[in-house]
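Reviewing the structure listed below.
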Amino acid sequence: DDKSTVSITVVGASGDLAKKKIFPALFALYYEDCLPKHFTIFGYARSKMTDAELRNMVRKTLTCRIDKRENCGEKMEEFLSRCFYQSGQYDSEENFEELDKKLKEHEAGRVSNRLFYLSIPPNIFVNAVKCATLSATSANGWTRVIVEKPFGRDSESSAALTSALKQYLEEDQIFRIDHYLGKELIENLSVLRFSNLIFEPLWSRQYIRNVQLIFSEDFGTEGRGGYFDHYGIIRDIMQNHLLQILAIFAMETPVSLDAEDIRNEKVKVLRSMMPLRADDVVIGQYKSHTKGGVSYPGYTDDKTVPNDSLTPTFAAAALFINNARWDGVPFLMKAGKALHNRRAEIRVQFRHVPGNLYNRSFGTDLDRATNELVIRVQPDEAIYLKINNKVPGLGMRLDRSNLNLLYKARYSKEIPCAYERLLLDAIEGERRLFIRSDELDAAWSLFTPLLKELDEKKIIPEYYPYGSRGPVGAHYLAAKYNVKWGDLG
Ligand code: BG6
């Protein structure tokens, strides 16, 4: 409306995340007419920069889905004219006061709403929040802060971070991002389950044999080794992205689509799970590999990684939910870097058909005959269901075919980047896709004992060649629960 304004301050504006994701997402929102009428964007960072230099930086690094659209250039200039820069230290109240002054000028007496996106390393989160809230809180509107993982390294450090933030902010001012929750197919998970009659009745131990959550990347840590080595793949991907997907996948029907109702159900799932045991986990680390004359570096070849690092770049794990719906159903997770492909997907393997009349068609491998629902989060978003079908002809031969919803074939509109949805939700005060502190605690308590054990016992990861399918141990883990990874064909 005309009486209020939103100021978005990207704290850490010259960093990678800001350049690659936040500014492009803000521009896409502007292009799509989703930002409020009155808004201002401020970049805040330590380096000295003019407004013009910030705009140049944004212009140069802007690669987003809007690039190829009509009048993109014109819209971009309009957008950039609303972007400004303030240099300052992250722990200086004085510098944030200068920001406050500038924000006030732009707000021009309107109701001021302020969103701070902390795109900075976690060790300076708390000071930045302190200074931003003491010196640059809105006087008459809302103030919200977006923070992104890592939220600590274990239960204790995460709880310490939460309580430090709560000295300056109320829980409902904190927007903890897990960008996987902003992905189109994850948002769609609840739609698939709760607005189609045919899935929800099957969504339980009665019909589902196992659920697989698979994340793979075909590149290594490339330049991020310093960050990564402190965390490892379990903290980087499993404890957050994959566990969040699991919680949404497995939750009971929420009372409504309200953020609190949904988060209440998610937290119940997490609290019904047993902490991960070391013998239900396989860890791996990639080593160098030469293929077709090209040599790919191993993890410890990264100059920012210690030569004797044992940090896992791959992990597979089996988790269980101890409730009436899921008792005994293995939820298998697999996450790795420098593997043979880039993919994120959910695979739901259904049980065998009891007394199947056609069993003979499948030989001894009855698993081959079971239905599998695959939700491919990326790339090439799709939902497909593997069914058994008669091969047309006079004889009776069955094969496996897919009922296939391939997004690019079905929908012409491109899929927004996760950060667009999340930024828009934060501006609108919609908390459904953000992590509440009790969810975060529950998520950490599942992984903390294991992470400590791996560190204390200095467990050696299984080495796998760059570009391979990862450690063989992942198959043994799955086999222990009578499961075959669905992504291996
Ligand atoms: C981040 C991890 O959270 O997610 C990265 O820190 C990972 O290591 C990235 O590469 C993957 O995100 P996306 O959206 O590219 O699948």
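Structure above, values below:
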quantity: Search result, residues across region 70-120 that are assigned to a loop (DSSP other than H, G, I, E, B), aliphatic (A, V, I, L, M) and more than 25 Å from Asp16 (Cβ to Cβ); calculated: Ala108
quantity: Residues (of a type in the set (A, V, I, L, M, F, W, C), within 16 Å of the ligand (Cβ to nearest atom) and buried (at least 19 other Cβ atoms within 10 Å of the Cβ)) located in region 383-436; calculated: Cys417, Ala418, Leu422, Leu423, Leu433, Phe434, Ile435
quantity: Per-region count, region 247-258, residues surrounded by fewer than 23 Cβ atoms within 10 Å (Cβ to Cβ) and over 13 Å from Glu187 (Cα atoms); calculated: 7
quantity: Leading residue by the ranking (surrounded by the fewest Cβ atoms within 10 Å (Cβ to Cβ)) among those in region 73-114 that are of a type in the set (Phe, Trp, Tyr) and under 15 Å from Glu53 (Cα atoms); calculated: Phe84
quantity: Top-ranked residue of region 177-191 - restricted to ones that are crowded, with 21+ Cβ neighbours inside 10 Å and among the charged types (D, E, K, R), ranked as nearest to Phe116 (Cα to Cα); calculated: Asp178
quantity: Residues satisfying the stated conditions in region 426-456, i.e. touching a residue at least 12 places away in the same chain (Cβ under 8 Å), more than 21 Å from Leu161 (Cα to Cα) and charged (D, E, K, R); calculated: Glu430, Arg432, Glu453
quantity: Region 333-351 residues that are β-branched (Val, Ile, Thr), paired with ones that are in a strand (DSSP E or B) and within 16 Å of the ligand (Cβ to nearest atom) (beta carbon under 6 Å, 6 or more apart); calculated: Ile346/Leu213; Ile346/Ile375
quantity: Complete set of residues in region 372-382 that are among the aliphatic types (A, V, I, L, M) and within 19 Å of the chain's Cα centre (by Cα); calculated: Val374, Ile375, Val377, Ala382
quantity: Test: residue in region 453-465 that is on the phi > 0 side of the Ramachandran plot, over 25 Å from the mean Cα position of the chain (by Cα) and of a type in the set (Lys, Arg); calculated: yes
quantity: Entirely in region 164-277, the helices (runs of 4 or more DSSP H) that have 1 or more residues that are within 16 Å of the ligand (Cβ to nearest atom) and charged (D, E, K, R); calculated: 184-194, 225-233
quantity: Criterion violated by Val374 - all others in (1) away from the ligand (no atom under 16 Å from the Cβ); (2) modelled with pLDDT of 95 or more; (3) outside any strand (DSSP E or B) satisfied; calculated: (3)
quantity: Tally of residues being crowded, with 21+ Cβ neighbours inside 10 Å and part of a loop (DSSP other than H, G, I, E, B) across region 139-159; calculated: 1
quantity: Flag if Leu62 is under 25 Å from Asn95 (Cα atoms) and either under 23 Å from the mean Cα position of the chain (by Cα) or surrounded by 14 or more Cβ atoms within 10 Å (Cβ to Cβ) (or both); calculated: no
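The values are calculated or read from the model by the stated rules, or taken from the named source; none is laboratory data. If you're wondering where the values come from, they're calculated on a predicted model, not measured in any experiment. We place every Cβ from the backbone using ideal geometry, glycine too, and count neighbours over all the protein chains shown.
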